[in-house]
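The values are calculated or read from the model by the stated rules, or taken from the named source; none is laboratory data. For clarity, every value in this text was computed on a predicted model and none was experimentally measured. Positions of Cβ are backbone-derived with ideal geometry, glycine not excepted, and every protein chain shown enters the neighbour counts.
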Amino acid sequence: MRQDFYDHDGTSTSGWISKGKKIPTSDYIVAADVVCKDEDATAAAKTIKDCLKIGGKGYVVSGTGEFRFGVAIFKEECLKVGLKCSTRIVTAQEILGEGEEILEGLKECSGYVEEMTFFFHEIEKV
């Protein structure tokens, strides 16, 4: 479900807000390319904390710092709000696999450049 992560402060224990409506917490969150500046890293971490159940997991993919702003501090922001976060650098092929169709699809993505690397964050609310 889509929502505005600037609506969250990282203190909710009973759910999150989507279009003014309270939504129960989730077991999993999957997100890609949600951080474009430092403020987004902070807001995304707080939102993930509000959205996940205790024991819930989040998976966030974003271009590395050479390609995106704010992503370098995302892990630190997750840790600040009490989330566990491990991060590794991966290639598109590691995430999506090999193949001509995949490569063609990537070339159509806004901002994608060949040889681009990504941060893959695995997050857990404890």
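Structure above, values below:
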quantity	calculated
Test set (1) touching an Asp or Glu at 6+ places or on another chain (Cβ under 9 Å); (2) modelled with pLDDT of 75 or more; (3) aliphatic (A, V, I, L, M) - I95 fails condition number	(1)
Selection from region 83-108 of residues that are under 16 Å from the mean Cα position of the chain (by Cα) and basic (K, R)	K84, R88
Hits in region 75-93 (condition: closer than 17 Å to A41 by Cβ and β-branched (V, I, T))	V81, T87, I89
Qualifying residues in region 31-41 (those that are among the hydrophobic types (A, V, I, L, M, F, W, C) and closer than 17 Å to I95 by Cβ) - the one modelled with the highest pLDDT	A31
Which listed residue, of D50, D27, is touching a His at 6+ places or on another chain (Cβ under 8 Å) and among the acidic types (D, E)	D50
Selected residue [of a type in the set (D, E, K, R) and out of contact with any strand residue (DSSP E or B) (no Cβ under 9 Å at 6 or more places or on another chain)] from E115, E76, E104, E122	E104
Matching option when the condition is under 17 Å from E122 (Cβ atoms) and out of contact with any Pro (no Cβ under 9 Å at 6 or more places or on another chain), among G82, G70, G99	G82
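Here is a yes/no grid of residues against (1) among the basic types (K, R); (2) touching a Phe, Trp or Tyr at 6+ places or on another chain (Cβ under 7 Å); (3) under 27 Å from V113 (Cα atoms); (4) at pLDDT 90 or above:
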| site | (1), (2), (3), (4) |
| --- | --- |
| A43 | no, yes, yes, yes |
| T47 | no, yes, no, no |
| C51 | no, yes, no, no |
| G55 | no, no, no, yes |
| G63 | no, yes, yes, no |
| V71 | no, yes, yes, no |
| G82 | no, no, no, yes |
| V90 | no, yes, yes, yes |
